Amino acid sequence: MQTLITGTGSYIPGEVRSNQDFAFSEFYNERRQRILIDAVELIGKFEQITGIAQRRYAHEDMNASDMAALAAAAAIYDAGVDPETIDQLIVAHNFGDVLKHTCQSDAVPSLATRVKRALPIRNPGCVAYDLLFGCPGWLQGLIQADAYIKAGLTRKCLVVGTETLSRVIDPCDRDSMIYSDGAGAVILEALDAAPANSGILGSVSQTHALAEGEYITLGHSYRPAADPRTRYLKMQGRKVYEFALRTVPAAMKACLEACKVNIDQIKKIFLHQANEKMDAAIVKAFYQLYGYGEAPCHIMPMNIRELGNSSVATIPTLFDMVRKAALPGHSLDQGDTILFASVGAGMNINALCYRM
């Protein structure tokens, strides 16, 4: 039994926010002290480090579940499947539906239930549930769906990643410029007649929950007069960077070894679009584990410069773009071997090897 991706879809919000839109923002540090660096200089350094020039925000009348339903519908259409034949509908997110101008998370009923209703899927045998695993949540959904398929319990799964991070950020925190909104989805199917050694070849997942577990949390605004009862997404950026560089390349290598795949067979690496500098360092360190000084050119597609970091949505939206030849310089063909990897709150890590 092989698990193949037969359809992909994504939803990219239409509201564009450029770095210049933050030129008049007042930023504070974790000690609630005003950052007095010139705004142009601050934004320039930010773009140099993260690679982000702009990001997308959802329109105020659209929630994470709405975007998820649109991405899911696109994946269903692309796969050409009857939605009533889907056995599992998994929605990865971290904050549920967050209404515009609020910070309150709404996840009852689950986002997966809302997506199933929006599609609409009537079959009660289509089990819909949410998955919270930090930024690696969508990839963990693939790993979980693959396990069900290979166990013979399901034959068709819809896995969605969706997030509206723009609604949980502290506008007085420099890190607020990192985050964005979006949704991506795939259809996974059990195909008995698929080419040999195709589909999901194997995966690795890890959770580092002791000292590392608090690197990404919710916390108070950095603005001195802010309401202490309201909490926002907070990240210890340096610690996350060091943690990712230390652990993600090793997890990627462990995944390839488990799949008995040589690194030279990898056509593309799809990393969570967290930070351009960090992702480049991860891929370089990964190749250095095999004795290479540098990673091959064009091995790692990226859309973070235009779309920002949308957490669980970054990999599926990027994969959808490359699969449909919508990202210049990148394409995929049948027989190509690719590697997915992600890191995020928890601190969770995963990697998955897939052959087209």
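Points worth noting:
- Residue pairs whose Cβ atoms lie under 6 Å apart, sitting 6 or more positions apart in sequence or on different chains, and linking a residue in segment 195-224 that is on the phi > 0 side of the Ramachandran plot and in the same structural domain as ILE263 (by TED's automatic domain parsing) to a partner that is acidic (Asp, Glu) and surrounded by fewer than 16 Cβ atoms within 10 Å (Cβ to Cβ), do not occur here.
- In segment 107-152, the residues that are over 17 Å from TYR354 (Cα atoms), among the hydrophobic types (A, V, I, L, M, F, W, C) and touching a residue at least 60 places away in the same chain (Cβ under 8 Å): PHE133, CYS135
- Extreme residue, nearest to ARG223 (Cα to Cα), among residues of segment 159-184 that are part of a loop (DSSP other than H, G, I, E, B) and not β-branched (Val, Ile, Thr): CYS172
- 1 or more residues farther than 21 Å from LEU307 by Cα and over 20 Å from the mean Cα position of the chain (by Cα): qualifying strands (runs of 3 or more DSSP E) within segment 1-95: 2-11
- Annotation: ALA244 fulfils all but one of (1) part of a loop (DSSP other than H, G, I, E, B); (2) of a type in the set (Gly, Ala, Ser); (3) touching a residue at least 40 places away in the same chain (Cβ under 8 Å); the unmet one is (1).
- Search result, residues across segment 110-154 that are farther than 10 Å from ILE90 by Cβ, of a type in the set (Ser, Thr, Tyr) and within 22 Å of the chain's Cα centre (by Cα): SER110, THR113
The values are calculated or read from the model by the stated rules, or taken from the named source; none is laboratory data. Everything numeric in this text was worked out from a predicted model, so none of it was measured. Positions of Cβ are backbone-derived with ideal geometry, glycine not excepted, and every protein chain shown enters the neighbour counts.
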